[in-house]
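Quick notes on the structure that follows.
Rule-based calculations on the coordinates, nothing more; no lab input. Keep in mind the model is a prediction, meaning the values are calculated, not measured. Cβ placement follows ideal geometry from the backbone for every residue including glycine, while neighbour counts extend to all protein chains displayed.
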Amino acid sequence: MGRILARAMGLAMAAGLLAHLATIGAAGTARGDDRGAQTKGAPGEKKPVPPKPRIAVFRLAGDLTERPPDETFSFGAVGGTSLRDLVERMKKAEKDADVKAVVFLHEGGSIGVAQAEELRAAMGRLRAAGKEVYAHADSLSTRDYVLLSGVSRLSIVPTAELAITGLFGEAPYLRGLLDKLHVKPDFLTCGAYKSAGEIFVRDGPSPEAEAMQNWLLDSAFSSALALIAKGRNVTTDRAREWIDTGLYTADKARAAGLIDAVEHRQDFEAMLKKKYGADIVFDRKYGQKQQPTLDLSSPFAFFKLWGEMMGQGQKKGPSKPAVGIVFVDGPIVLGGGQASLFAEAGAASSKIRKALDQAARDDSIKAVVLRVNSPGGSAIASEIILDATRRVKAKKPFVVSMGDVAGSGGYYVACASDVIFADESTITASIGVVSGKFATTAMWEKLGIRFKTYRRGRNAGLLASGEPWTQEERARVQSWMDETYGVFKGHVTAIRGGRLKKPIDELAGGRVFTGKQALALGLVDRIGGLHDAIEFIAGQAKLTEYEVRPVPATKNFLEQLIEEATGAADEAPGVDLRFRPAAGETPSLVDLAMPMLRGLDPHRVAAVKDALRHLELLQSERVLLMMPEIAIPR
C-alpha cells in the first residue's frame, strides 16, 4: 500500500511540475491581448502577426475599491477592481498607439465622489492624448452623470431613467432606537463641531452640525456643477437648470443636451464599427492580468491548478525602482485587526506600521505614497501610524493622497506629510476627539438578566457599561480627552505651521471640510488624485522609469490560505468588524437592531449599520478620532 501511495504521489508531483512549466511558458500573456501572437511559416521560421486596432472597453460595475485586489482566485466580491488599477489601465490605453478609442459601459456599482473626480481626470488625459472617449449607460444618477459627462460622446438606452436630481444625503439619529433597546448613551467631545456622538444622544443635529453639513454640501454641489459644465461645455447656470428640472426620459435628456444619443448597446457598437472599421477589436479586458483557469475535462486539472498557484506565489525580484503605496483604508483600529481570506477588518495599526517600515527599509522603493481613505478611529492606532510615516519621511520622499474620506484619525495619520493631495470632494479635517459609552443595565434587565457589581477604587467603574458617568467621572474623562485633543492640534500646528490660514482653534473643534475648502484653509496642499500624487513624488525622487508597487504586495489564493491555516496573518489581536457573533456570544447592538431594519431602504440601513459599527470600536477604544456621520451625497 505504501508503494502504491508513493507512486501516486510521484505521478502527482510530475503532473504538477509539467503543469507548472506549462504555466511559466504561458506567463505574461494578457487576456484579450493578441499583440504577442505568432504564426508558423516554414520550419524554423515565425512570422509576427501585425497588431490589430482596438477599442479599450472598461466596465463600471460593482464597487471600486481603494486597495488592489488579491491576485488570482479572489472569489468575486473579495477581489473586485481598484481605483488605481483602473486608472493604470486607462493610462496604458492613453499611450497605446493601437488603441483608437476608449469605451465605458456603465452597469451600476458604487463609485465615490472623489473617485469620480479621479476618473474624470484620467478621462481628460485620454482626450488630451487624442483618444475619443465614449460611454453607454442603462440609467444614470447625479453621481454617475458627474463622471460620464466628461466623455466625448454619451448615449443611453431608449428606456433609461436619468435621475439627475442633485445631491442628496442623510445622517441617521439613533437615540430613539437606543431608547427602544433600553440603552442610555453618554458621550463627551472636544470641540462644538465634533458631532460624531450626536447620532446617539440626539434625535436631530445640533446647530453646529447643521451648519457644517450645509457648508460641505454647498462645496460638493459647486464642484459637481463645475464638472458637469466643463464636460458638456455649458455654463454652471445651465448645469444647475438641468439638475433643477430633475427626472428625464431618454428623449428629453437628449433634447435638453444632457446626452448625445439614445440607442441600444448593439447600435452603440455598430456605430463604433462604422467609424473605426468592421475589423476593430473590442478589447473588453484591456490591460487585465491573465487569470489561471481550471480545465475540468482533464484528470490532471487539479495538479495544473496547483502548479499555477505555486507559480503565482513565486515573486520576482524588482527589476527597476518603485514608488510604493501604503493604504490606510477603512476605520483605523489598534493591533493587527482580524482580516481573513473572505473579510477585511479595516486599517489595522500593526499591519500599516509594518508596511511603512518595510517601505522605508526597501532600497528598491525610492518614494512612498500614503493613500488614506478613512473616517478615523482609534487615537492610539492613529498615533502609531503617524509615527511610522515620520520614519519613512526621514529616509525618502513621502506624500499623502486622500480618497473619498480622510478625516479625524484619517487626517491625523496624514498630517506629517509636507504635501497632501486631496480631491475637491474629499471629506477631511474633523480635528477633534470623541469618547462615550452606553449604559446598558436597563437593556439587560429587559432580557431578564441582572448583574451585581463590586468595586475597589473610586474610579473602578469608569469604563464599565452599567451606568452613565457621574459628574466626577465625566470631568476625568474630559480631561483625558483634552490631552489627546491638544496633541492632535499640536501635531497639525507643528507640521503645517504658517500654511494654516486661520488659528488652529478656528480650524479644529471637529469641523469637517471638503478638499476644496481644506486647500483654501491650508489644511491640504494640492488638488489632485492618486495619479497626481504618484507623479509628484516620483519627480521628487528624480525617477523617470519606475513601477508602482503596493506595500505589502498583494497575495494570491495559496499564500492567503497558508496564512489562514498557520495563523501567520494574525500578528496581534484586533477588533472583529464583521458583526458575525459566534455561537454562544451575547448579541451585539447590530444583532438586536437588524430585525427592526430588515427590508427597509438599503441606503438608510447601511447608514445605521455604519453608525453601530462605531460602537464596536468603543468596546476596545475609549478615545476616538472618529468623524461624524456626514450625509455623504448620493
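5 Å is the cut-off here: which amide hydrogens, built 1.01 Å from N in the peptide plane, fall below it relative to Phe398, excluding neighbours closer than 5 in sequence?
Val368
Take every Cα-Cα distance within the stretch 123-164, group them into 5 Å bins from 0 onward, and report for each bin the whole-number percent of pairs it holds.
Distribution as computed: 6, 24, 30, 20, 12, 8, 2 percent.
Suppose each label sits 7 Å from its Cα in the direction of the beta carbon; what would the Ser222-Val548 distance come out to in nanometres?
2.9 nm
What are the ³J(HN,Hα) values, in whole Hz, obtained from phi via the Karplus relation 6.51 cos²θ - 1.76 cosθ + 1.60 with θ = phi - 60°, for each residue of the stretch 387-397 in sequence order, with x given for Gly and Pro?
4, 5, 5, 5, 5, 5, 4, 6, 10, 7, x
At a 10 angstrom cut-off on C-beta neighbours, averaged per residue, how do the peptides 175-186, 98-109 rank from highest to lowest?
Order by mean packing, descending: 98-109, 175-186.
In a solvent-free Debye calculation with one equal scatterer on each Cα, what is log10 I(q)/I(0) for the stretch 416-502 at q = 0.16, 0.20, 0.25 Å⁻¹, listed in the order of the q values?
-0.80, -1.01, -1.30
Grab the alpha carbons of the stretch 173-215, take their convex hull, and tell me the volume per residue in Å³. Write out the running numbers ahead of the final one.
Details: hull volume 2.3 nm³, N = 43.
Taking only Cα atoms, the stretch 173-215 has a hull volume of 53 Å³ per residue.
Note down the magnitude of the dipole of the stretch 385-529 about its Cα centre, charges +1 on Lys and Arg C-beta and -1 on Asp and Glu C-beta and zero elsewhere, to the nearest 20 debye.
Magnitude of the dipole: close to 440 debye.
Test of understanding: extend the Cα→C-beta vector of Arg526 to 7 Å, then name every residue of the stretch 386-405 with backbone N under 13 Å from that spot.
What the label zone holds, given the 13 Å backbone N cut-off, is 398-402.
Multiply the residue gap between Asn459 and Asp203 by 0.36 nm, knock off their C-alpha separation, and tell me the result in nm, one decimal place.
Difference between extended and current length: 89.1 nm.
Would you mind putting 139-149, 82-92, 415-425 in packing order, based on average other-beta-carbon counts within 10 Å, highest first?
Those peptides, ordered most packed to least, come out 415-425, 139-149, 82-92.
With no solvent and one point on each alpha carbon, what is the Debye value of log10 I(q)/I(0) for the stretch 144-184 at q = 0.17, 0.20 Å⁻¹?
-0.64, -0.75
Taking the Cα-to-Cβ direction at Thr235 and at Lys395 and moving 7 Å from each Cα, how far apart do the two end points lie in nm?
That separation, rounded to one decimal, is 5.6 nm.
Taking 25 Å as R0, compute the FRET efficiency from the Cβ-Cβ separation of Lys452 and His182 and round it to 0.05.
Rounded to the nearest 0.05, the efficiency is 0.85.
Out of residues 5 or more away from Thr426 or on other chains, whose amide H comes under 5 Å of its own, with H placed 1.01 Å from N in the peptide plane?
The list, which skips near neighbours in sequence, is Gly515, Lys516.
Give, in nm to one decimal, the length gained when the segment between Ala475 and Lys91 is fully stretched (0.36 nm per residue of separation minus the Cα-Cα distance).
132.7 nm
Provide the FRET efficiency to the nearest 0.05 for the Arg127-Glu535 pair, computing r from the beta carbons and using R0 = 25 Å. Could you put the intermediate results ahead of the total?
Values: r = 18 Å, r/R0 = 0.73.
Efficiency at R0 = 25 Å is approximately 0.85.
Using R₀ = 60 Å, calculate the FRET efficiency as 1/(1 + (r/R₀)^6) where r is the Cβ-Cβ separation of Asp251 and Ala211; round to 0.05.
With R0 = 60 Å, the Cβ-Cβ based efficiency is 0.90.
Translational D (Stokes-Einstein, µm²/s) of the stretch 507-558 at 10 °C and 1.306 mPa s when Rh comes from the Kirkwood sum over C-alpha pairs?
Approximately 112 µm²/s, per Stokes-Einstein.
So for the stretch 383-429, what are the equivalent ellipsoid semi-axes in whole Å, largest first, each being the square root of 5 times an eigenvalue of the Cα gyration tensor?
Ellipsoid half-lengths, sorted descending, are 19, 12, 6 Å.
When ranked by the protection proxy of mean other Cβ atoms within 10 Å per residue, highest first, what sequence do the peptides 429-441, 205-217 form?
So the order, starting with the most tightly packed, is 429-441, 205-217.
Apply the Karplus parameterisation 6.51 cos²θ - 1.76 cosθ + 1.60, with θ equal to phi minus 60°, to every residue of the stretch 173-187 and state each ³J(HN,Hα) to the nearest whole Hz, in sequence, with x for glycine and proline.
So the J values, rounded to whole Hz, are 10, 9, 4, x, 5, 5, 4, 5, 8, 6, 10, 9, x, 9, 10.
From the phi of every residue in the stretch 503-520, what ³J(HN,Hα) in whole Hz does the Karplus formula 6.51 cos²θ - 1.76 cosθ + 1.60 yield, where θ is phi - 60° and glycine or proline is x?
x, 4, 5, 8, 9, 8, x, x, 4, 10, 10, 7, x, 4, 5, 5, 5, 5
Taking every eigenvalue of the Cα gyration tensor of the stretch 342-459, multiplying by 5 and rooting it, what semi-axes result, largest first, whole Å?
Values: eigenvalues 288, 60, 38 Å².
Taking √(5λ) for each Cα gyration eigenvalue gives 38, 17, 14 Å.
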